[in-house]
1. Which is over 30 Å from residue 556 (Cα atoms) and modelled with pLDDT under 90, of 660, 629?
2. Residue by residue through the range 230-248, note down the ones that are surrounded by fewer than 20 Cβ atoms within 10 Å (Cβ to Cβ) and either among the charged types (D, E, K, R) or at positive phi (or both).
3. Against the definition (out of contact with any Lys or Arg (no Cβ under 8 Å at 6 or more places or on another chain) and either modelled with pLDDT under 80 or buried (at least 19 other Cβ atoms within 10 Å of the Cβ) (or both)), how does residue 568 come out, yes or no?
4. Taking the range 87-139 as the region of interest, how many residues are in a helix (DSSP H, G or I), out of contact with any helix residue (DSSP H, G or I) (no Cβ under 7 Å at 6 or more places or on another chain), of a type in the set (D, E, K, R) and farther than 22 Å from residue 255 by Cα?
5. Suppose we filter 364, 398 for residues that are touching a residue at least 40 places away in the same chain (Cβ under 8 Å), out of contact with any His (no Cβ under 7 Å at 6 or more places or on another chain) and polar (S, T, N, Q); which single one remains?
6. For the range 189-209, give me the residue count where each residue is closer than 16 Å to residue 34 by Cβ and not polar (S, T, N, Q).
7. Could you grab me the full set of residues in the range 305-333 that are surrounded by 15 or more Cβ atoms within 10 Å (Cβ to Cβ) and more than 36 Å from the chain's Cα centre (by Cα)?
Amino acid sequence: MLSLLLYLISSKFLSLDVGSAYTKGYVFEDSESPEISLNLLGRRLTPTYIGFRADKQFNLSGEIPISPKEGRLLTAAIGDKAYQYLKHRPWMATGHLFNFIDMLPEKQEQIAARFHVNTSAARLPIHNLISMYFQLIARELLPDQSVTGISVSVPTHFTVIQREIIRNSIKQAGIYCDVICDEATSVATTYTVSRTKSFYNNSKDVLFVDIGASSTKAYVYNFRMKSDAASPEITRKSYAYDENFGGDDVTHNFANYLIEHYNMGNLTTQEYHKLYDVAEKIKIKLSLSQRAEEAFDLRPGVEYNITFLRQDFIKFLKPLRDSVLNVIRLACRHFYPQEVEILGGSSRIPYIADSIREALHIVNHSLNSDEAIAYGTGTVAQQILERSLLRPFIYQNNFSSHSIILNTEDDHFPLVEYGHPLNSNLKFAGIASFIPMQYTYGFPDGIEHRSLFYAISNRKNFQFTTIEFSNEPFDIYSVTGCMSEDDESTCEEIGFSILAKYIQNTTIHGSVMGRYENERRILIARKEIETLASRSLREIKFNMTMKLFSTDFERKDIETIAKDSMTFLNDNQEEYDPEIFEEQLENLKNKTNIVYNRIRENSTISQVMTKLYKLVQVAENYAFLEVPINKSFVGQKNIERIQEKVNETKKKYNEFAEIINKSPMNKDRPVKALDINQIADELIKELDRIRNMKEYKKKEEEKKNSKKGFFTDLFGKIRDKISTDTDFVPEVDIIEDDAL
């Protein structure tokens, strides 16, 4: 219960688009618009790679699965650093992680050969690598905060089992999985948010073309909004994909051409990835200009200077163009869209965009090609979890991306057919102990699990059972059993669960990530120690505020521990125990906080004393000047009471000012900012009490079009004066903090 409460009150969530080549993420809060997140290098795109650095004791040539003891010898990394590991020690890293999910071993080998990556890294299997990747990407995108929720977009054709593997991977990483959302739904949601005005009071079909690193997809959605006050209706009408070709394949084909054309011979893994990077640079340059030139050293003493023209590069783009036009043809078989949006990194290639424009005679570019999926995923999660300020969206699916049959003990029949809407409610006579669903069409090639088994918790003899299905993805949503006794029917929900666990919890994850967490804690502690120690030494020497608000003894203590802390960092370069660094940081803070907290408190006292003075001044003027006008509103007794409260507050203010002026600045003040705020709140509370009186409200209703009364205008003027009057400074001897 406590963990659920902490989750519900937490504010930071991640929405991720974990693409084949790059991961994009948005950070979003309850009822707030998602904001793009940056990795530690300040970039929006993080390569979907994971790699490891190993201690000398690690057995690099081992073939058996890694042990927990060996796991503690590994330090994990993702993104660009992991890609560097892949180039120099290929067996210690891999990439394109999502392509391997729930694939047969032989299919995994094909994928690894296609993208020149591995089916494992440091002898760790793919499912362990995926859970570690989620934990690492969460730390990368929100390094200083705890991530309690992640929402992930997946290809629409992913099966329930593939989604379950992702959900369990996130759970194993110690993070709650909010929502797993179809990429197509995420994109359609982003379009709805950004282009709602374009389909007010009408209906529009929009084609989306997603040109990814390893696949191409196309899907048509209908958008409709009956009125300004109605909820947008988002309906999927088609979906098609080709997983055999994508933008990365263009680069690999071009790299293979360079090997053959320049007689480079057999390249090592490191040499190939160096050549791949060159090929990718040329591809990007040819997207921007007609000519590209790259000079590089493939091997020591072997230099190449490659010049390529855009017109000569087209032959490498034709397979990608054919794949894109084919999925467009399949998606638009029964529809002609009014708009076309193209997404993905390869959508920027002029030849591809021109080919789509030539085929459809229209291409729009209103969506961000890299961030539309991640943004939409966060928005969908807010909708599902009811944390959005947007009006609810209505999602409908008139096109299933799979064909699925359901087997019972007595019979089997189709649940949904590819390209058709689903039957959301089905009734069965009797009930089985488990219900298997089997994919017969639309699943990815080389999938390992085509059947999904649900265990049914049935302890009663029901005459029939109703199974309700969700449509994104197609899955069992609820099971209800009914029975008749004495001409009365009773129904109740029946529990169900997936029968198989597709990712088993292992100690490997904890042993590897424990090492990573320790290094992360050390990195954070070292950075804080270095920042605080250097800042303290600098301010002791140059900052007058530090000198005014501290004693000679306190400054000497801070200077000593700051210098000791800098020496500590130099002497412990090879230390791997985070508690030693955190203890040193705590000792440093205990000394510096004495002075810095005093500076903050004095700065706050200065601000609240200013606000209290303004409040008293304005309230005093209005209370005495407008009494004849407002006495009939609230009565003489209440007027006298407010005058008494104003005088009492004014007296308190003068007492506070006298105490502050008499107390030395390098000692803690006897008066606290909280005490001053409390006095101000009491005055405002008294003003609120009178303002909310029934007689006053009734009189104010009668005088709507006449001069504003005392308390109607009082609070606006007081608060406006407090927030805008910057010229007034109370006669209190307080020095503002110029160090913070």
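The values are calculated or read from the model by the stated rules, or taken from the named source; none is laboratory data. Quick caveat: nothing in here was measured; it's all calculated off a predicted structure. Cβ atoms come from the backbone with ideal geometry, glycine included; neighbour counts cover every protein chain shown.
1. None of the other options fit; the residue is 629.
2. Residues satisfying the conditions are 233, 242, 243.
3. Here the answer is yes, as residue 568 does meet what is asked.
4. Count: 2.
5. 398
6. Number satisfying all stated conditions: 2.
7. Correct list: 306, 308, 310, 313.
A quick yes/no check of all residues on (1) over 38 Å from the mean Cα position of the chain (by Cα); (2) assigned by the TED database to the domain that holds residue 443; (3) crowded, with 20+ Cβ neighbours inside 10 Å; (4) among the hydrophobic types (A, V, I, L, M, F, W, C):
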| position | (1), (2), (3), (4) |
| --- | --- |
| 251 | no, no, yes, no |
| 255 | no, no, yes, yes |
| 260 | yes, no, no, no |
| 269 | no, no, no, no |
| 277 | no, no, no, no |
| 280 | no, no, no, no |
| 286 | no, no, yes, yes |
| 301 | yes, no, no, no |
